[in-house]
Each structure stands twice: as C-alpha cells, then as structure tokens.
Amino acid sequence: MSRYRLGIDIGGTFTDLHVMEEGTGTLYALKTPSTKEDPSLAVANGIEELQRRYGIDPADIAYFAHGTTLAVNTLLERNGARAGVLMTKGFTDTLELRRLRLPKANDFFVPKPISLVPRRHVKPVDERMLADGRVRTPIRRGDVEEQARALVEDGIETMAICFLHAHQNPDHERQAKAWVEAMFPDIYVCTSAEVWPQQREYERSLISVINAYVGGRMKAYFNTLQKRTDDLGMTCRVFSTKSNGGVMGVASAAERPVETLLSGPASGVIGAAHVARLIGDANIVTVDMGGTSVDVSIVQNEIRYATENTVGDFPVIMPAVDVSAVGAGGGSIAWTDAEGVLKVGPESAGAVPGPACYGRGGTRPTVTDAYLTAGIVAPDSFLGGEMTLDRDAAHRAIDSIADVLGFGRAETADAILQVTTANIYAELLPQMARRGVDTSGFSMLAYGAAGPTQVFMLARELNMRRVIVPPSPGILCALGCLVADLRADFVQSIWREAGALPDDELQAIFARLEDQARNWLADQQVDLDEVYILRSADLCYAGQSYEVNVPFPEVAAGDITTGKVVDWFHKRYGQVYGYTDTDAPARMLEARLQIVGVTPKPEIRLVAGASDAPEGPKGTRLIHERGAEMEATVWQRGSLRQGTEYEGPMVVEQYDTTIYVPQGFRVTVDEHANLIGERT
C-alpha cells in the first residue's frame, strides 16, 4: 500500500497542493482556487481532486502539513473577533500609549495607529506583581468575575489577560484564566505568559491581544479543517506551519494562533533553502511572487530569523523567518494617480474577481493581464490548459489606462511589467545593503506562480550570479510544508548585568527552557530523524536601548558560562557594527532556546508526468517587452534536457507557472531538474 506526504499552501488566489509518494519519491502537484470565506473548503476540494485525478486515497496520507495566510489577513483586514482585555489596575492604557514612537520619523502628522481593542473593552483588575515576581496585591476572584462579566455583556467574543510582570510570575494570570473559563466556557481565553513570556509590557500585551483577536477565527478554522479531513477518511494528524519556519499540530496552533501569522511566507523560504542545500548554493535571495505580493528573504548558509517583525501597524516580537513583502503580485492592480503616473499595487484583485483575464467579473488591469497582453503568457496554457484566460477581457482592462498614459496596448502592458520590476527592485536593494550583501555572490531563487515569469526581468537590473527556478516553483510553498521541521521557540527574560549573573543560575535557566522544549516536542507525536537544540541570548552594552541576538556555538549545556556568553557578545557585536568595547559592562536581556525536530526530506524532482513532454520546442510566440517586439521560442518544461544550453528570448510553460527568459540570458537544466539561468 502506498503512503503519501501532503503539503498545502493556502494563498489569497490559489490553494497549492504538493504530494509525495514515500516509497518512490514521485511528486504530484495541484492548484485549486482558494475559498476566502472558508479556507478549509479549498483544502477539501483539493484533496478530493487528488483522489479523482491521481487515485490518491485520503486514508493513505500519512503526513499532512499546511500553511495559511488566514491569521495575518485577519489582522491586516481588521476583521477578527471582538476581543476584551483584563489588565493590571493603573496600566490599562498600555495598548493606547504604545511606544510613543512615530511610524515615520520625518512626518509629524502621520495618523496614530488604531488599537485592535477599544478602551472600553480593557478592564482593570486590582492585582500587582513586583518586578522580581513577588506578590504585592493579591488577586481576588470577585474582581476578576465582575470585570469579565462586564466584557461579555458588552459583546466580546475572546479575551486576553495581560498582567504586569506576568513573565516573572504567571500565577495571577493562570488563576484569572481558570476563573473566567469556569464562568464562560465558550469564550476563548489566553494569557500573556503562556503566549510569549518576554519582558516589555506593551509588546507582550500586544502579542496576547493579537492572539485573542485572531484566535476565535483560527480555532474555528482548525476545528473545521480537522472535521473536513476526518470526513474525507484521513487518519493522520494535521500540522500547521509557523512563522519561525517550523510546524506544530493544529491543537497547539489553535491555542497559540499568533505563531502562524507569517506561516505562508516562511514555508516558501524553507522550501527554497531546501532546494539551495540540495544544489550546494549557500547564498541565495528568495523571490516569492504570488497573486498578492512579493516576499523576499536572504539566506546565507542558513535562514535568517528576526525577533522584531512588523505586521500592519503592530510590532511582533516572536521569532519569525526574516521576510520582507512588497505589494506587487500577479493580481496587483495597475492604476494611474492624479498626475497620470502609472502605479502598480498594493491593491490586489485577489481570487475573486481576480485579474480581468480570469473571466470572473474583474475589469481593472493587473500584472497577469499585462503578461497575457505582452505575449508572455498564452491564454490556452494557463494551469496546463485547465483554465483558459480571456484575452479580450485583458485587452479591455489594459486599454482602460492606456488612454490616460497615451500609450498603445502593448506599450502599456510593457510599462506595467517595468513598474512591477522597479517596485521589487526598490524593496530588495535596501534589504541587501542593510546586510552588507554583495549581489554578485548571490543566486536568485524564484518561486510562486508569478515569480519565474518576472525573475529574469528583475535579474537584469541586479548583478546576480545566476537565477534558479526549481522544478515546481508555483507550489514551492506547499513543498516547504513537506520539508519543514518541527520547531518551537522558548524565552525567559533576565535583564541583569551579565557580571551579576552566576553561572549556575544561567545554566538553570537554559535547563528549564530545554525541559519545556522537549515536553512540547513529545506532545507533537511525530517520528523524527534527529533532534537538536539551538541556544542564544539577547545582550547589549549598559545604557543601550537595542540589543543584539548572540547565537551560541555548539557546546554542552553545562559548559555555558556568563563569561563565555559575554565574549560571544563582543565578537557578535563587532561583526554587526564593526566596533566593540570590551571594557563596557554588558547586560543580558533574554535567554532563548529553539528545539528542532528534523523530519524526513523528499527528493526534489519534476512532478509526475512533467518529463513526458516531447523533445523540441512547442513553437514560437511574439512578445512585446522593453519597447521592442521579438520572437520567442516556446518550450514545455519537460522538453528541456539536462546538459543542453538554451538561449533567450524563450518561454517555458509548465503546469504551475510560466517562465520568461529574455534575450541576454541562457538556461540549463541541472541534475535536480532545476532551471539555471545565467547572462550570456
């Protein structure tokens, strides 16, 4: 009996499915339209289509992991639950005061971000913990129940409990949660200490509020997904990818949905890094261009993580894969401003109505309409011919702004693609500069449905070493779900001068974090190839406001000493800033630990049937790009042979994407079926 591993990425436009047969390594791919109101419906539709098309019985699926943008979209669109908050008396304005920093330093009139929770839904509780964790004012059950009842009577659906110094002593939060759940068992309740117990009252409280804000919707989604998969006959556990690039069971995800905020982009970077390791390329820039946005990340030997991410108007201090997004996807709408200047994005047509060429009622021009009008994408080859594009509708949409620009139809489509390239370039270049990256030493790995279509136009503007297009770029995020490891982060705040922290106390802190981590991993109930621990700490010089994360080398837990950590900090600080002050006292702010459970990895190859394409080109096509019309050779991806060089202009068609190789580039196929592009 065949067993299968299933990875799914739920995007704004399409839901991508990637299946691997464990015995043979055969891969199967499928794209199905996303269902915004109920994302689990698209998952069920896809699994049913896999059974119809490939005979894959849901009961034979042994592993299922998926990534979704539901949490982040709920936050960005501000359509989450009516959340209430219980806070320590005297500190109920924490969410309003924020950090008093201007979002734009040069703009004194920038609007103040609106809190997720109105002030009337933040209730005080007369309790108080001291900074060292001792109780100053005991908590009273009657007080908690009175405030919770007032919130419920005012219509709140979820509740966050955020008490002062709860990261040092969470007893009051735990007690309050138990009392609230006893009174209102149907209310989703979370506490700041269980979500992310890190010092900084605003950030810790905000994380908890975000968790409550998206929690009700995410818990309902995970429960619905579990029911749909059960009804289909699947018996395996369901996993969700996390912002940190790992996976966790949906039961854990339902309790801490804030950890899935950036799971979609993280899955793509995980998949891209896996491809890079297979081909031995240590330095890559990942470019994920989907229907709504382009997500870029930089991988140097290993994936970069950040502990200060911004999602919409809000800082998120939980560890996440370091990804930057720009609103320039295949569904991004082209428009002209009041002065008649062409703009692209950030507004997207999404899945419904989608680009005009989808024939679902869309009338505004998008990047995909420009691809079709410029001749890069053929109307009868989209999704392997399963979906026919409406060329006339695309032309009408492009014509709607051509008159404003004073261009012809083809010139307007060309201009849209050039502006799209410029938007991505403007985001990517500062990212590279901030990290001191020399672009000539990096490869660009493109994925997403539109990434391979746009990447060579972007590479033309950057001095990149080469371009890599993996075998199934349109569904690489789904592949990332397949190859993601179990991964969880744990933190304990210290905030003391390093010299005043005894070695045995520091070792005890990391021992407690490791116990928490191993207990979490055991709860996931997954067969693993390997388990390893990553330790680090946040330090700064005394008097500084910003810290540096210091990864520890591979040493035994008992060999970690305060003196060694300070030495590692000086070295790391010098790497980042080019300067150190070994005489200045260092402060240790946080101890961090990440546990990684390594899952089995599939081989990367073309999906089943892709290599059956006949030899030789499919034909030729006229393309209008960069102000010129040229004839491009059209190929099927499976027709390209390893070891043969192919020169642009050319178009390579496959089920999940279209690859455009302009004049000035040549491509070859490597032993892993990747398409490798270089300048001629």
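First compute the accessible area of segment 398-499 with a 1.4 Å probe, then give the percent of it belonging to carbon and sulfur atoms. Let's see the in-between values first.
Details: 1480 of 3070 Å².
Carbon-and-sulfur percentage of accessible area, whole number: 48.
Can you compute the FRET efficiency between Glu514 and Glu308 using 1/(1 + (r/R0)^6), with r the Cβ-Cβ distance and R0 = 35 Å? Round to the nearest 0.05. Spell out each step's value before the answer.
Working: r = 25 Å, r/R0 = 0.70.
Rounded to the nearest 0.05, the efficiency is 0.90.
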Next on the checklist: Under a Cβ-only charge scheme (Lys and Arg +1, Asp and Glu -1), can you give me the dipole magnitude of the chain about the Cα centre, in debye to the nearest 20?
Outcome noted: 880
Item to check | Pairwise Cα inverse-distance average, inverted: Kirkwood Rh of segment 631-680 (Å) | outcome: 10.8
Next on the checklist: Could you tell me which residue out of Tyr371, Cys236, Ile207 lies farthest along the dipole of the chain toward its positive end? Charges go on the beta carbon: Lys and Arg +1, Asp and Glu -1, centred on the Cα centre.
Outcome noted: Ile207
Next on the checklist: Using the Karplus curve 6.51 cos²θ - 1.76 cosθ + 1.60 with θ = phi - 60°, what ³J(HN,Hα) values do you get for each residue of segment 54-63, in whole Hz, with x for Gly and Pro?
Outcome noted: 10, x, 8, 6, x, 5, 8, 7, 9, 8
Checklist entry - So what is the relative contact order for segment 268-328, in percent, with contacts set as C-alpha pairs under 8 Å and at least six apart? => result 30
Checklist outcome for this item: Relative contact order in percent for the chain (Cα pairs under 8 Å, 6+ apart) equals 12
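May I ask you to list the chymotrypsin sites (Phe, Trp or Tyr not before Pro) in segment 512-552 that are in a DSSP loop and have at most 15 other Cβ atoms within 10 Å of their Cβ?
Here the chymotrypsin sites (Phe, Trp or Tyr not before Pro) that fit, given the DSSP loop and packing criteria, are Tyr546.
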Checklist entry - Given Ser443, Ala402, Gln418, which one lies farthest toward the positive end of the charge dipole of segment 393-445, if we put +1 on the Cβ of every Lys and Arg and -1 on the Cβ of every Asp and Glu? => result Ser443
Next on the checklist: Using a 7 Å offset from the Cα along the Cα-to-Cβ direction at both Thr388 and Arg120, what is the distance between the two label points in nm, to one decimal?
Outcome noted: 5.6
Checklist entry - With axes computed from alpha carbons, what is the tilt in degrees of helix 201-231 against the longest principal axis of the chain, rounded to the nearest 10 within 0 to 90? => result 60
Checklist entry - If the label point is 7 Å along Cα→Cβ of Asn283, which residues in segment 420-451 have backbone nitrogen under 12 Å from it? => result 436-444
Item to check | Cβ-based charge dipole, segment 182-332, positive-most Cα from Val269, Pro257, Val311 | outcome: Pro257
Checklist outcome for this item: tail above 19 Å in the computed P(r) of segment 470-551, as % of all Cα-Cα pairs, reads 57
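Of all the accessible heavy-atom surface of segment 174-327, with the other protein chains kept in place and a 1.4 Å probe, what percent is carbon and sulfur?
C and S atoms contribute 47 percent here.
State to the nearest 20 debye the size of the charge dipole of segment 550-680 about its Cα centre, where the only charges are +1 on K and R beta carbons and -1 on D and E beta carbons.
The calculated dipole for segment 550-680 is roughly 240 debye.
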Item to check | Approximate spin-label separation Trp495-Phe108, in nm, with each point projected 7 Å along Cα-to-Cβ | outcome: 3.2
Next on the checklist: Of all beta bridges DSSP finds with both residues in the chain, what is the antiparallel percent, to the nearest 5?
Outcome noted: 70
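From the cross-link list Lys112/Lys227; Lys571/Lys601; Lys31/Lys227; Lys343/Lys601; Lys31/Lys343, which pairs have alpha carbons spaced over 32 Å apart?
Checking Cα-Cα distances, Lys112/Lys227; Lys571/Lys601; Lys343/Lys601 exceed 32 Å.
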Item to check | Amide H within-cut-off set for Asn283, under 5 Å, with H built and near neighbours excluded | outcome: Asn301, Ser443
Item to check | Low-density loop positions, chymotrypsin sites (Phe, Trp or Tyr not before Pro), segment 71-146 - DSSP coil, at most 16 other Cβ in 10 Å | outcome: Phe108, Phe109
Checklist outcome for this item: Heads up, segment 305-407 by the C-alpha gyration tensor (a ≥ b ≥ c square roots of eigenvalues; a/c under 1.5 rounded, else a/b over b/c prolate, else oblate) looks oblate
Item to check | Residues listed by number, segment 641-673, amide nitrogen under 16 Å from Arg679 label point at 7 Å toward C-beta | outcome: 648, 662-667
Checklist entry - What is the gain in length, in nm to one decimal, between Asp231 and Ser440 on full extension, counting 0.36 nm per residue of separation less the C-alpha to C-alpha distance? => result 70.1 nm
Item to check | Stretchable slack from Arg136 to Met432, in nm (0.36 nm times residue separation minus alpha-carbon distance) | outcome: 101.6 nm
Checklist entry - Within segment 334-361, what residues put their amide N at less than 20 Å from the label point 7 Å along the Cα-to-Cβ vector of Asp380? => result 357-359
Checklist entry - Taking the alpha-carbon centroid of each part, what is the distance from segment 188-247 to segment 279-317 in angstrom? => result 21
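Using the Cα centre as the reference, give the magnitude of the dipole from point charges on the C-beta atoms of segment 412-481 (Lys, Arg: +1; Asp, Glu: -1; all else neutral), rounded to the nearest 20 debye.
200
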Item to check | Over the chain: Rg over Rh, Cα atoms, Kirkwood Rh | outcome: 0.98
Next on the checklist: Can you give me the accessible area per residue for the chain, using a 1.4 Å probe, in Å²?
Outcome noted: 40
Checklist entry - Expressed as a rounded percentage, what relative contact order does segment 181-288 have, with Cα pairs under 8 Å and six or more residues apart? => result 20
Checklist entry - Of the heavy-atom accessible surface of segment 1-74 (probe 1.4 angstrom), what whole percent is carbon and sulfur? => result 46
Checklist outcome for this item: The local net charge around Ala488, scoring Lys/Arg +1 and Asp/Glu -1 for residues other than Ala488 whose Cβ lies under 12 Å from its Cβ, equals 0
Next on the checklist: Using each residue's phi in segment 313-322, evaluate 6.51 cos²θ - 1.76 cosθ + 1.60 at θ = phi - 60° and report the 3J(HN,Hα) Karplus result to the nearest Hz, with x for Gly and Pro.
Outcome noted: 9, 10, x, 10, 9, 6, x, 8, 4, 6
Checklist entry - Karplus couplings for segment 441-453 from phi (6.51 cos²θ - 1.76 cosθ + 1.60, θ = phi - 60°), rounded to Hz, Gly and Pro as x? => result x, 10, 9, 10, 9, 9, 7, x, 4, 9, x, x, 6
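The values are calculated or read from the model by the stated rules, or taken from the named source; none is laboratory data. Values in this document were obtained by computation on a predicted structure and should not be read as measured data. Here the Cβ is made from the backbone with ideal geometry for all residues, glycine too, and neighbour counts use every protein chain on show. In case anyone asks, the SASA skips ligands and DNA or RNA and just uses the protein heavy atoms, side chains included. Shrake-Rupley method; radii C 1.70, N 1.55, O 1.52, S 1.80 Å.
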